Amino acid sequence: MTRRERRGLPRRQRLVGLWLVLSGGSLAGGALFAAWLDTRLGADGWARAVLWLGCFSGGATLLLAGLVLERMLFTPLRHLQAQLARLVASPDAHEKRPPEGWLAGLGPDLARVQESWQADRTRLADARSEGAREAAGTRQRLEALLQTLHTPLLLCDRHRRILLFNAAAEHFFDGEPAPGLGKRIDALLPAASLHGTLDRLPADGTPRKVLLPRGTRWLKATLRRVAQSDGESLITLEDATHAWRTEMGVRAELAAGLGDLRRRAAGLTGAADALKELGGLEADTLRQRLARAIDEDGPALGESIARLSRLVDDMQRQGEQLSPIWSNDFWQALDEQLDPAQRLITPVGMPAWFQGDAPALIALLDSLLHYLQAQCAAGGPAIADAEGKPLEGEITLGNKQVYLDLIWHGRAVPNAELARWQRLALNRLPLSPTAGEVLRQHASEMWSLADADGKRARLRLPLPASERAGPPLQAVPPRPEFHDFGIARLPSPDEPRAGLALRSLEIVAFDTETTGLALRQGDRVVSLGACRIVNARVLADDTFARRVNPGRPIPAESTAIHGISDADVSDAPPLDAVLSEFRDYLGDAVLLAHNASFDMLAISHQGIDFDMPVLDTLLLSRALDEALDGHDLDSLAARYAIDFPPGTRHTALGDARVTAALWLALLPRLEARGIDTLETLLALQANAVDSEDATAP
């Protein structure tokens with residue numbers, strides 16, 4: 001017989017059953033004894049009544065004593081146990097229910113203990129906040145600085161776990177496995193060359209650079225050991241794919257073209273020299289042959305020069321100074337340069353991306369408009385009508401180009417004026433290039449033309465198109481966390497997990513919503529949500545939330561609970577695809593769920609192995625408070641003062657977050673009982689298995 005079979009009913013139910021058996025046995029025995037005495041003594045009247053009452057008195061006293069003890073002592077003791085559990089898990093929670101029954105006198109003392117505890121915690125918190133205020137200010141400035149850096153940055157400890165990353169790193173891995181606190185760098189950058197270099201980094205902070213393949217991209221990683229640290233390393237990344245394509249593409253073609261150009265030029269030079277030395281009629285035949293050679297190499301030479309010109313133009317367009325620019329941002333920056341006090345340029349049409357050197361282009365157009373304004377004052381063409389209508393900025397898409405148009409009410413600018421302006425130096429730019437040189441930097445030219453209506457004219461500047469699509473990313477609020485240096489003090493992830501401290505575990509709390517509760521009869525998952533716990537705190541933004549197409553209709557009664565209808569999941573992926581993503585999200589973490597047997601059954605038998613330990617807050621709560629009733633998620637949330645944000649109950653991610661908060665509330669109580677490693681916790685959980693609450697949601 002197993003330990004689970006020997007346990008039988010919980011202790012409280014066993015005691016209640018024993019009390020009922022004793023009371024019932026006493027009453028039955030008293031009835032039999034009274035009947036026997038009644039037949040032997042033949043009593044009647046009052047004597048008979050006293051006889052029967054006396055025989056029933058023992059059982060009745062036992063029954064009434066049990067009822068009184070349950071109401072006045074045992075129930076108040078259970079309430080006191082729940083209050084103490086709440087006080088341990090949430091010392092700052094407000095206790096609204098004073099002790100009852102014979103324990104009512106403990107109310108003032110319990111309130112005084114709680115007040116003193118809270119007062120001590122408040123003084124300790126004040127002292128800590130006072131001492132940490134300057135450090136917090138420094139940290140906030142550091143966070144703000146890191147979030148504005150455009151260079152992807154990762155900081156990892158000696159076990160290659162991520163301690164810090166910035167927003168640029170998050171965007172850099174967009175659409176791929178994202179960085180997360182506590183995750184190993186191997187999951188992001190699995191190249192062996194990176195890890196070998198990390199192991200050999202100089203302690204003085206001298207950088208090392210490596211090229212790493214990642215899908216279709218090549219990444220250039222710069223690695224440095226953090227000075228005076230415990231083996232922590234700083235990694236900065238850049239996408240080197242474009243630079244290498246330029247190096248091996250346009251520049252390689254340019255080198256090959258230069259070799260061909262030299263060969264043909266040498267041939268032409270040799271032929272010309274030979275022609276000079278030939279004389280007499282006997283050389284006519286040879287002269288004709290050399291002329292033919294010149295005729296053949298001449299056009300080829302011209303073609304080579306034209307091809308080299310195109311390659312040079314391509315190199316200019318691919319130059320590092322040409323970066324993607326969003327047209328609306330460009331018009332606004334130009335407007336602010338022209339006159340910060342008022343709006344002079346109104347963007348019209350659809351915005352788009354283009355390639356350019358933004359400071360150079362702004363200086364270019366600012367110089368042109370000031371030049372034309374000066375010419376207008378001297379009697380030249382006007383770029384605004386008498387009503388002073390503002391300029392308009394428009395982007396027109398072409399073939400591999402975009403046309404940057406400045407539009408005004410008036411007539412076109414003569415090409416001669418533009419030619420004179422292109423010879424002017426732009427002194428605001430380094431080395432004072434001319435306007436024409438800036439145009440050549442962009443492999444472009446500028447001209448003016450009149451619109452078909454005859455009322456408006458425009459300046460047109462063709463620029464290279466950008467591969468980017470869609471508007472710029474909206475600025476996101478700062479992450480609640482993007483670093484945790486305490487991770488570096490955690491044990492190595494390569495150590496056996498059984499002996500790890502509970503606070504050092506990386507845990508993923510998850511929950512499922514389904515079409516119904518009969519999973520073995522065909523009910524399926526419709527939603528899967530999870531959140532991560534690292535270093536005994538929930539990472540607010542490191543979450544997993546996916547809807548799942550169950551491949552069958554969702555009953556209306558299930559939709560009434562979790563709010564997910566057939567229309568909500570019609571375009572969702574199937575369960576096996578979502579579970580594959582979820583397995584990648586899990587990594588090496590321990591799983592946590594409330595009533596885990598139900599959720600594990602929901603995601604099992606789908607071809608994805610979940611071979612990590614699984615913790616169940618339902619079983620852990622039963623093990624800690626066997627005498628208490630109510631171990632469902634709502635009851636435990638109320639017991640430990642855990643709030644559900646509005647609209648999150650019976651959502652997969654919402655319930656997963658509450659399960660994570662419940663785990664953190666149970667943790668100090670487990671540690672107080674010596675349950676402080678994964679091995680001892682799993683043993684406690686195994687002894688708490690019972691079918692009574694197996695369907696608790």
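Could you tell me how far the Cα centroid of region 179-197 sits from the Cα centroid of region 212-230, in Å?
9 Å
Work out Dmax and Rg for region 490-687 from the C-alpha atoms and quote the Rg first, both in angstrom.
According to the Cα coordinates of region 490-687, Rg and Dmax are 16.7, 50 Å.
Listing Glu467, Glu70, Glu671 from the residue with the fewest other Cβ atoms within 10 Å to the one with the most, what is the order?
Sorted ascending by nearby Cβ count, the order is Glu467, Glu671, Glu70.
Suppose a student asked you for the relative contact order of region 490-687, using Cα pairs under 8 Å spaced at least 6 residues apart; what percent would you report?
Computed over region 490-687, the figure is 27 percent.
What does the convex hull of the Cα atoms of region 10-89 come to per residue, in Å³, rounded to a whole number?
Taking only Cα atoms, region 10-89 has a hull volume of 64 Å³ per residue.
Go through region 224-233 residue by residue and turn each phi into a ³J(HN,Hα) via Karplus (6.51, -1.76, 1.60, θ = phi - 60°); whole Hz please, and just put x for glycine and proline.
Using θ = phi - 60°, the values come out as 9, 7, 6, 4, 6, 10, 8, x, 7, 10 Hz.
DSSP beta bridges in region 490-687, what fraction antiparallel, as a percent rounded to 5? Show your work: numbers first, answer last.
Working: 17 of 23 bridges.
Taking every DSSP beta bridge within region 490-687, about 75 percent pair in antiparallel fashion.
Classify region 323-464 as rounded, prolate or oblate from the Cα gyration tensor: take a ≥ b ≥ c as the square roots of its eigenvalues, call it rounded if a/c is under 1.5, otherwise prolate when a/b beats b/c and oblate if not.
rounded
Let me know the charge dipole size of region 323-464 about its Cα centre in debye, to the nearest 20, where only the beta-carbon of Lys, Arg (+1) and Asp, Glu (-1) is charged.
Using only the charged Cβ atoms, the result is roughly 340 debye.
Residue separation times 0.36 nm, minus the C-alpha to C-alpha distance between Asn415 and Thr206: what's the value?
69.7 nm
Taking amide hydrogens as modeled 1.01 Å from N in the peptide plane, which residues meet the under 5 Å criterion relative to Gly410, leaving out close sequence neighbours?
For Gly410, the qualifying residues are Arg456, Ala457.
Using amide H atoms built in the peptide plane, which far-off residues or other-chain residues are under 5 Å from Gln401 H to H?
Those lying under 5 Å, H to H, from Gln401 are Ala465.
Values in this text are rule-based calculations from the coordinates and carry no lab data. Keep in mind that this is a model prediction, so the values were computed, not measured. Positions of Cβ are backbone-derived with ideal geometry, glycine not excepted, and every protein chain shown enters the neighbour counts.
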